[in-house]
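Trainee: Have a look at this one before I ask anything.
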Amino acid sequence: MKALTAILLSGLLCVACTGNKVYDHYNHTPIGGWEKIDTLKFDVSPLKKSGLYATSMGLRINNAFPFISMTLIVEQTVLPANKTVIDTINCPLVDKNGRVKGKGVGFYQYHFPVSLMTLHENDSLHITVRHDMKREILPGVSDVGIELERKK
């Protein structure tokens, strides 16, 4: 019984630790396909500490996605300064040998760095993500996520 209690307690401690991650959220895309005009929105609450923050993007796709890469536009507005930074992220999904670079079976998980920025205490972020592909509607994209982590 003591061993079981110790294992459960250890598991809870591991789950509770998020390190320096201050935001991690995924938005679903429409099941019929992600349209170019469907902008995904993420709002980060005011930060408790100033510092250098890394923004990264998570992507979940399935076998219905017809391309080997994807181009996404990530727009970050820092509030209250109202300063906007726009990044174009090229996301390679398949290597030169045709192997999927993501993790998973059926659905593949990818993680791409977006930017590093210095943010101040009480700054908040409004982040939008949209695709910049020639095809208007992208099938096979399940979820897009944003993660913000304090580096120092």
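Each value in this text was obtained by applying a stated rule to the coordinates, not by laboratory testing. Remember, it's a predicted structure, so these values are computed and weren't measured experimentally. Heads up, the Cβs are rebuilt from the backbone with ideal geometry, glycines too, and the neighbour counts pull from every protein chain shown.
Trainee: If you take the square roots of the eigenvalues of the alpha-carbon gyration tensor of the chain and sort them as a ≥ b ≥ c, do you get rounded (a/c under 1.5), prolate (a/b over b/c) or oblate?
Mentor: Numbers: a/c = 2.15, a/b = 1.15, b/c = 1.87.
Cα axes put the chain in the oblate bin.
Trainee: Another question, then. Run the dipole for the stretch 46-152 about the Cα centre, Lys and Arg Cβ at +1, Asp and Glu Cβ at -1, nothing else charged, and hand back the magnitude in debye, nearest 20.
Mentor: Details: 14 positive and 10 negative charges, 65 e Å.
Using only the charged Cβ atoms, the result is roughly 320 debye.
Trainee: Have a look at PRO80, HIS111, VAL129 and report the one farthest towards the positive end of the charge dipole of the chain, computed about the Cα centre with Cβ charges (Lys/Arg +1, Asp/Glu -1).
Mentor: HIS111
Trainee: In addition: So what is the 222 nm mean residue ellipticity for the chain from helices alone, if each DSSP H run of at least 4 adds -39500 (n - 2.57) and you divide by all residues, rounding to the nearest 500 deg cm²/dmol? Don't skip to the answer; put the middle values down first.
Mentor: On the way: 1 runs with 15 residues, N = 152.
My calculation for the chain gives -3000 deg cm²/dmol from helical runs alone.
Trainee: Step through the residues of the stretch 22-33 one at a time and calculate ³J(HN,Hα) from phi using the Karplus curve (6.51 cos²θ - 1.76 cosθ + 1.60, θ = phi - 60°), rounding each to whole Hz and writing x for Gly and Pro.
Mentor: My calculation for the stretch 22-33 gives 10, 7, 7, 9, 10, 10, 7, 9, x, 5, x, x Hz in order.
Trainee: Which of the pairs LYS41/LYS101; LYS83/LYS152; LYS101/LYS151; LYS41/LYS134 have their Cα atoms more than 24 Å apart in this structure? Don't skip to the end; give the middle numbers.
Mentor: Details: LYS41/LYS101 26 Å; LYS83/LYS152 21 Å; LYS101/LYS151 26 Å; LYS41/LYS134 21 Å.
The answer is LYS41/LYS101; LYS101/LYS151.
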